[in-house]
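Reviewing the structure listed below.
The values are calculated or read from the model by the stated rules, or taken from the named source; none is laboratory data. Bear in mind that the values here come from a model prediction, so they are computed numbers and not experimental data. FYI the Cβ positions are ideal-geometry reconstructions off the backbone, even for glycines, and counts take in every protein chain you see. In case anyone asks, the SASA skips ligands and DNA or RNA and just uses the protein heavy atoms, side chains included. Shrake-Rupley method; radii C 1.70, N 1.55, O 1.52, S 1.80 Å.
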Amino acid sequence: MTKSISIYLAGKIQKAHEQQNETYWTQEDQELLSLLLAPYQIHFLNPAIRSDDLSDQQSVFGRDMLQVSSSDVVFVDARDRRGLGVGAEMMWAKINKIPVLSLSPLDSHYHKTSTSLLGVDVDSWVHPFVEGLSDKIVGSLEEGATWLNMILENPLTNVKGADFIQESMQHYLKEQFPLDEPMVTLSKAS
């Protein structure tokens, strides 16, 4: 009997009012992943493939959150700048302890060899929300499939969840809060 896995494809949904030159999950991406993950049967949960009423915003939101929570893994297309929905999908996956795999090649929008943030030079930068909400960041579909094959054979026992978010806040309070003058001032005013 063939084992199956459900992969939620988080990424950009093509909208008429936006530029058309960004990356999207393609049929070719899905075919390559299916090939690389054989003999597993892959069920792609893709928010861009649907026949429901897109004018019912609560239903659209509910469908996407249901698909995330029904998946075995969320695979995030973070090759280009993404919108609000992708971050919410990643957070919902973490709250439900679902592994998040992010496709973010070096020197793409969320993964830089070096950059400057608020005038501070930072080397080996990964966007804090991509890093914090991902269980693995990969540079290619092939690398992603290798990681997926590994966790299919040996399921992760240390998937980041809501506890990691709490730990991150505690880490900030211990390591950076005393150095963060605006936050120190705010806490004294409260």
I'd like the orientation of helix 162-175 relative to the chain: the angle between its Cα long axis and the longest Cα principal axis, in ° from 0 to 90, rounded to 10. 20
Could you give the dipole magnitude of the stretch 1-97 about its Cα centre, charging the beta-carbon of Lys and Arg +1 and that of Asp and Glu -1, in debye to the nearest 20? 320
Can you tell me what share of the DSSP beta bridges in the chain is antiparallel? A percent to the nearest 5 is fine. 30
Can you work out the accessible area per residue across the chain, with the rest of the protein chains kept in place, probe 1.4 Å, in square angstrom? 61
I want the local charge near Ser168. Using Cβ-Cβ distances under 12 Å, sum +1 for each Lys or Arg and -1 for each Asp or Glu among the other residues. -1
Highest mean packing first, using Cβ neighbours within 10 angstrom, the peptides 105-111, 120-126, 71-77, 37-43 sort as 71-77, 105-111, 37-43, 120-126
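Sorted by mean Cβ packing within 10 Å, highest first, what order do the peptides 85-93, 169-177 take?
Answer by packing, highest mean first, reads 85-93, 169-177.
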Show that you can apply the helix-only estimate: for the chain, add -39,500 (n - 2.57) for every DSSP H stretch of four or more residues, divide by all residues, and state [θ] at 222 nm to the nearest 500. -12500 deg cm²/dmol
What's the carbon and sulfur percent of the stretch 52-190's accessible surface, probe 1.4 angstrom, rounded to a whole number? 58
Note down the magnitude of the dipole of the chain about its Cα centre, charges +1 on Lys and Arg C-beta and -1 on Asp and Glu C-beta and zero elsewhere, to the nearest 20 debye. 360
